[in-house]
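Please treat every number below as a calculation from the coordinates, not as lab data. These numbers come from a predicted model, not from an experiment. So basically every Cβ, Gly included, is an ideal-geometry build from the backbone, and we count neighbours across all protein chains shown.
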Amino acid sequence: MAKPLQVDEVWLGRIAELLNNMEFGSLQIVVHEGQIVQMERTERKRFENKPLGIAKSSSAPRPGTRNLKESSSN
């Protein structure tokens with residue numbers, strides 16, 4: 001039978017510290033025999049995919065870029 005997990009103020013502080021300032025991501029808590037033994041923080045950074053200074057409707061390629069179909073045939 002599983003042992004009951006007890007989380008004291010120390011663990012709550014550690015968990016809160018890992019979650020602070022996380023905008024996108026996850027916190028995985030690993031428990032063995034009723035005790036927290038490991039925490040893994042995975043943070044993601046998201047960026048706008050809009051090039052600066054180029055209108056959305058523009059079909060002109062940016063300097064230094066190639067069409068994927070063109071580059072795959074080389």
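A few remarks follow.
- Annotation for residue 28 and residue 48: the two label points, set 7 Å from Cα along the Cα-Cβ direction, are 3.3 nm apart.
- Karplus (6.51, -1.76, 1.60) ³J(HN,Hα), θ = phi - 60°, over segment 5-12, in Hz, Gly and Pro reported as x: 7, 10, 10, 8, 4, 4, 5, 4
- Check: segment 1-45 dipole with +1 on Lys, Arg Cβ and -1 on Asp, Glu Cβ, in debye: 140 debye
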